[in-house]
Amino acid sequence: MPLTSNLTFAVAGAGSRGRMFASWVRENIGEGSVVAVAEPSPERRARMATEHGIGDDMQYASWQQMLQSRRLADVLINTTMDRDHADSACAGMRLGYDMLLEKPLAPSLAEAQIIDRVRSETGKVVAVCHSLRHHAIYEKVIEVLRAGTIGDLVSLDQLEAVEHIHQSHSFVRGNWGNESRSTFMLLAKSCHDIDIIAALVAKECKAVSSYGNLTFFGAENAPVGAPEYCVEGCPAEATCPYHALKIYGPEGPWRHHAGFYDLSRDDTKIRLRTSPFGRCVFKTDNDVVDHQVVAMEFEGGVTATFTMTAFTPWGGRYLRIHGTRGYLEAKLDQRQIDIWEFWAGNRHTHIEMPEEDGSHGGADDRLMRNFIEAVRLQDPSRVRTDTAESVRTHTIVFAAEESRRSGKAISIKQFASAAVPA
């Protein structure tokens, strides 16, 4: 349902997430609500300006230009690259913007803590895009857990099936494939998985261990005779699922994500000769992991595991929760929950949640409505995932990556204390 609001919005970063949120604003707040855009890509900047009627004087080639002098709108939608989050977020808050900040909060825990400190100093309303907190399935699971239906929580397992083509697009060829340009995989892709696990358990995490590697997407696994770019004539074209034309050609499912929009097949082939999305997936400069597991110990002896893997035929999340009085399974993308109650004759309850429009299974719509309500009332406490909560759960993510690199279990309390910025 459209919202009644006179709020105006500036968008920093016109990639897929920035465009999605800007479209949400137009559809739910109204035409003319998006008044400024900052984006280094001229094509993406022009496309958003055209879609939202943004004048030439409100189009900027960088977030630095847009945030250098005065506030242009009520709200900043900050979907800049991960490494720009801390500087852009702090600049925006100090100019007086309330802000929607894409996850991850920042590529280091110290920067994340600085963002939270500036938010506290400025008193601005800031929501971090941990969309899963707003997903109807997780909301229902939390309701079941808090009602005591399966007793006390003992252990929990979550699988994030990234899906092999998604991995190749975003985390091999794309912006998040190389850690020096973005950040490590667990933070870039799965920080909101760790966040929702912490929310489900609702206890403080005490320690974490993690293992993972880049196993498949490397030169040693390239087909014999494979060129640097797929369209140069790859002998494995018929069987390789990652051939660029299959993914980004006129019928390709990811062409819009690569910015190829209305290109013909011939024009797409020309673009793929130089685009990073045309590279052989075994011959890029990617270095982030393609699979990782995280084991967490919470207060009261509760344990949880998380698995992220590229090697699935579909994307989605799968949850299993083991309680003293029952067991729960949830399949997010199928929107199904199954519950077994041991003390009620192993009674089985099957729940199917209705489909919801919008990205992340309708969760982004719920997130935006929660955020807009907080902005309209100027009440930061109404934000479900504010900067303080995001820092709390990001700490687990950073500690898990430290464990993966060091091969040691990490105390969360000690890790957090060591990371406090000056």
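The values are calculated or read from the model by the stated rules, or taken from the named source; none is laboratory data. Keep in mind that this is a model prediction, so the values were computed, not measured. With ideal geometry, Cβ positions are generated from the backbone for all residues, glycine too; neighbour counts draw on all protein chains shown. Only protein heavy atoms, including side chains, enter the accessible area calculation; ligands, DNA and RNA are left aside. Shrake-Rupley method; radii C 1.70, N 1.55, O 1.52, S 1.80 Å.
The residue that is farthest from the chain's Cα centre (by Cα), counting only those in the range 78-103 that are surrounded by 23 or more Cβ atoms within 10 Å (Cβ to Cβ) and of a type in the set (A, V, I, L, M), is Met93. In this structure, is Ile150 out of contact with any Pro (no Cβ under 8 Å at 6 or more places or on another chain) and assigned to a helix (DSSP H, G or I)? So Ile150 does not fit the description; no.
If only residues of the range 104-123 that are surrounded by fewer than 23 Cβ atoms within 10 Å (Cβ to Cβ) and in a loop (DSSP other than H, G, I, E, B) are counted, the one that is modelled with the highest pLDDT is Gly123. Looking across the range 124-143, just one residue is open to solvent by less than 10 Å² (accessible area, probe 1.4 Å) and more than 30 Å from Phe9 (Cβ to Cβ), and that is Val141. Summed over the range 207-225, residues that are open to solvent by 30 Å² or more (accessible area, probe 1.4 Å) and among the aromatic types (Phe, Trp, Tyr) total 2.
Taking the listed residues Glu43, Glu27, Glu31, the one that is over 16 Å from Tyr97 (Cα atoms), in a loop (DSSP other than H, G, I, E, B) and either of a type in the set (Asp, Glu) or at pLDDT 95 or above (or both) is Glu31, with no other qualifying.
Note on the range 307-422: enclosed helices (runs of 4 or more DSSP H) holding 3 or more residues that are of a type in the set (Ser, Thr, Tyr) are 387-406. Give me the residue from the range 144-169 that is open to solvent by less than 10 Å² (accessible area, probe 1.4 Å) and of a type in the set (S, T, N, Q) and, out of that set, nearest to Asp193 (Cα to Cα). Among those residues, the one meeting the criterion is Gln158.
A quick yes/no check of all residues on (1) open to solvent by less than 30 Å² (accessible area, probe 1.4 Å); (2) farther than 19 Å from Leu186 by Cα:
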{"position": "Glu299", "(1), (2)": "no, yes"}
{"position": "Thr309", "(1), (2)": "yes, no"}
{"position": "Ile321", "(1), (2)": "yes, yes"}
{"position": "Thr324", "(1), (2)": "no, yes"}
{"position": "Leu328", "(1), (2)": "yes, yes"}
{"position": "Lys331", "(1), (2)": "no, yes"}
{"position": "Ile339", "(1), (2)": "yes, yes"}
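Whenever a residue of the range 213-226 is at pLDDT 95 or above, its partners that are among the β-branched types (Val, Ile, Thr), lying with C-beta atoms within less than 7 angstrom and at least six residues away or across chains, give the pairs Asn213/Val289; Leu214/Val288; Leu214/Val289; Phe217/Val172; Phe217/Val281. Of note, Asp262 satisfies the criterion of being without any contact (Cβ under 8 Å) to a residue 12 or more places away in the chain, open to solvent by 70 Å² or more (accessible area, probe 1.4 Å) and either of a type in the set (D, E, K, R) or not in a loop (DSSP other than H, G, I, E, B) (or both). The single condition among (1) in a loop (DSSP other than H, G, I, E, B); (2) modelled with pLDDT of 95 or more; (3) open to solvent by 70 Å² or more (accessible area, probe 1.4 Å) that Tyr242 does not satisfy is (3). For the range 187-195, the criterion of a residue being more than 26 Å from Arg19 (Cβ to Cβ) and either of a type in the set (A, V, I, L, M, F, W, C) or touching a His at 6+ places or on another chain (Cβ under 7 Å) (or both) is satisfied by at least one position.
Figure legend. Inter-residue proximity from the range 38-63: first residues within 17 Å of Ser88 (Cβ to Cβ), second residues open to solvent by 70 Å² or more (accessible area, probe 1.4 Å), beta-carbon distance below 7 Å, spacing 6+ or different chains. Indicated pairs: Ala38/Gln65; Ala61/Pro40; Ser62/Pro40. Looking only at residues in the range 274-306 that are aliphatic (A, V, I, L, M) and part of a loop (DSSP other than H, G, I, E, B), the one that is farthest from Trp343 (Cα to Cα) is Val281.
Taken as a whole, the structure leaves Tyr248 outside the set of residues that are at positive phi and out of contact with any strand residue (DSSP E or B) (no Cβ under 7 Å at 6 or more places or on another chain).
Residue-level check: of (1) closer than 30 Å to Phe184 by Cα; (2) more than 20 Å from the chain's Cα centre (by Cα); (3) not in a helix (DSSP H, G or I), Gln65 misses just (3).
Looking across the range 372-410 at every residue that is of a type in the set (S, T, N, Q) and open to solvent by 40 Å² or more (accessible area, probe 1.4 Å), the one that is nearest to the chain's Cα centre (by Cα) is identified as Ser381. Of the residues making up the range 411-422, those that are in contact (Cβ under 8 Å) with a residue 12 or more places away in the chain and open to solvent by 50 Å² or more (accessible area, probe 1.4 Å) are Lys413, Val420.
Scanning the range 85-100 for residues that are without any contact (Cβ under 8 Å) to a residue 60 or more places away in the chain and assigned to a strand (DSSP E or B) gives a single hit, Met99.
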